[in-house]
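Student: Dropping a structure here in structure tokens format, bear with me for questions.
The values are calculated or read from the model by the stated rules, or taken from the named source; none is laboratory data. Please read these numbers as outputs of a predicted model, since none were measured by experiment. In this analysis, Cβ positions are derived from the backbone assuming ideal geometry, glycine residues included, and neighbour counts consider all displayed protein chains. SASA here: full protein model, heavy atoms, side chains in, ligands and nucleic acids out. Shrake-Rupley method; radii C 1.70, N 1.55, O 1.52, S 1.80 Å.
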Amino acid sequence: MADAAEDAKQKEALNGQLKEYIAEWRKTREKEEEELKKLKEKQAKRKEIRAEQEKKLNQSKKEEEEKLRKEDNEKKAKEAEEKKKRLEEAETKRQEMLEAQKAGGDGKKKSVAGGDAKDARKEMTKTKEQLEEEKKIALSIRIKPLEVEAMDSDELKAKANEIFNIIVQLETDKYDYEQRKLTQELDLKELKERQKAQLRQKALKKGLDPEALVGKYPPMIRMYSKYERRTDTRTYDDRKKLYEGGWEVIRAESLDAIWKEKYEEWSKRPSKKLPKWFGERPGKKAGDAETPEGEEEGGDEAPAAEEEEDYEEEEEEEEEEEEEE
């Protein structure tokens, strides 16, 4: 009984300790949850503040961009108006000059090229859009609207005749300009050919290839050698002579030496005279002395001739003996 009572007491003590631990754990958990709630609320507030700040920044950026866009548009509009005014003034001046020329009755047509060389360069650097815009402005100034409703039949006929004459004049001018363009192209072609011929002569004088100066790019600078940094001023003939010789010279020298040896051998040969023919030496001229009898047939040739005669006689005898048998 005493053991059972002790066990019950121990269990009660353990249960009390566990309850205390559970109560403390719950308190700490509640504290942690409260801290987490506070942190989440703080985070949400920060997000709201950042969203408001970003909204304000985006709005301010949009306002600045719109302001800049408006300024650019105003600037472009102002430039376009100034340009239009300048073109209108130039066109009115041109029209006045043309009218003055027509009134003066000059048969010769003068090309009205407005501006100096700078203006011409500006015209060359303009884009297609700029040229189209200027074309529209010029056409709006030149082509005035016709008030057809206020005209009667005679005025309409006169206006039609006037427009027809203008078209004929423009077509003739167009044909003249096309022919002038063709002649100018032919002249340019001829001038280019002359320039090429001059450049070829210049290249030959400098010792270069004839087509060296004709190409798109200038010729390469020929250095004296790859070890010396100075230009080569020698002509083509001088450079060609550097590579002459070698095996050809050696071969020519060897052939010359062989020819000399053969010529010496030939010149040292014994002088032989031709045998007499019917008592007279062939090739003898009138007035030459007669050869002595011992030297008529030559010193070395006489025994050789006798041997040949003996050999022939022997061959004839052998042939006769064979025939008899």
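Student: Please give the length that would be gained between Val249 and Arg69 if that part of the chain were fully extended, namely 0.36 nm times their separation in residues minus their C-alpha to C-alpha distance (nm, one decimal).
Tutor: Numbers: separation 180, 0.36 × 180 = 64.80 nm, distance 8.59 nm.
Residue separation times 0.36 nm, minus the Cα-Cα distance, leaves 56.2 nm.
Student: Anything over 27 Å Cα to Cα? Flag those among Lys61/Lys85; Lys85/Lys144; Lys83/Lys159; Lys102/Lys192; Lys189/Lys240, in the order listed. Provide the component values of the computation, followed by the final result.
Tutor: On the way: Lys61/Lys85 36 Å; Lys85/Lys144 17 Å; Lys83/Lys159 32 Å; Lys102/Lys192 39 Å; Lys189/Lys240 36 Å.
Among Lys61/Lys85; Lys85/Lys144; Lys83/Lys159; Lys102/Lys192; Lys189/Lys240, the Cα-Cα distance tops 27 Å for Lys61/Lys85; Lys83/Lys159; Lys102/Lys192; Lys189/Lys240.
Student: Same structure again: According to the square roots a ≥ b ≥ c of the eigenvalues of the Cα gyration tensor, what is the shape class of the range 122-190, taking rounded for a/c under 1.5, prolate for a/b larger than b/c otherwise, and oblate for the remainder? Each step should come with its number before you reach the end.
Tutor: Values: a/c = 6.81, a/b = 1.57, b/c = 4.35.
Oblate, since a/c reaches 1.5 and b/c is not below a/b.
Student: Given charges of +1 on the Cβ of Lys and Arg and -1 on the Cβ of Asp and Glu, with all other atoms neutral, how large is the dipole of the range 130-220 about its Cα centre, in debye to the nearest 20? Show your work: numbers first, answer last.
Tutor: Details: 18 positive and 19 negative charges, 253 e Å.
Taking the Cα centre of the range 130-220 as origin, the dipole is about 1220 debye.
Student: Picking from Gln184, Gln169, Ala212, whose Cα lies most toward the positive end of the charge dipole for the range 118-215 (charges on Cβ: Lys, Arg +1; Asp, Glu -1)?
Tutor: It is Ala212, whose Cα lies furthest towards the positive end.
Student: Here's something else I'd like to know. Tell me whether the range 215-266 comes out rounded, prolate or oblate; compute the Cα gyration tensor, take square roots of the eigenvalues as a ≥ b ≥ c, and use a/c under 1.5 as the rounded threshold.
Tutor: In terms of gyration-tensor shape, prolate.
Student: Among residues other than Glu71 whose Cβ falls under 14 Å from its Cβ, what is the net charge (Lys/Arg +1, Asp/Glu -1)? Present the calculation step by step, with values, prior to reporting the outcome.
Tutor: Numbers: positive: Lys67, Arg69, Lys70, Lys75, Lys76, Lys78; negative: Glu63, Glu64, Glu65, Glu66, Asp72, Glu74, Glu79.
Net of charged neighbours comes to -1.
Student: While we're on this one: At 0.36 nm per residue, and after removing the present C-alpha to C-alpha distance, how many nm does the segment from Glu52 to Lys174 gain when stretched out fully?
Tutor: Working: separation 122, 0.36 × 122 = 43.92 nm, distance 6.91 nm.
Fully extending the segment from Glu52 to Lys174 adds 37.0 nm.
Student: Follow-up. Can you give the accessible area per residue of the range 136-235, in Å², using a 1.4 Å probe? Mind showing how you got there, number by number?
Tutor: Details: 9250 Å² over 100 residues.
On a per-residue basis, 93 Å².
Student: Label points 7 Å out from Cα along the Cβ direction at Lys83 and Leu146: separation in nm?
Tutor: Each label point lies 7 Å from its Cα, and together they span 3.1 nm.
Student: Accessible area per residue for the range 1-112 in Å², computed with a 1.4 Å probe and the full protein assembly in place, what is it? Each step should come with its number before you reach the end.
Tutor: Values: 11420 Å² over 112 residues.
Per-residue value: 102 Å².
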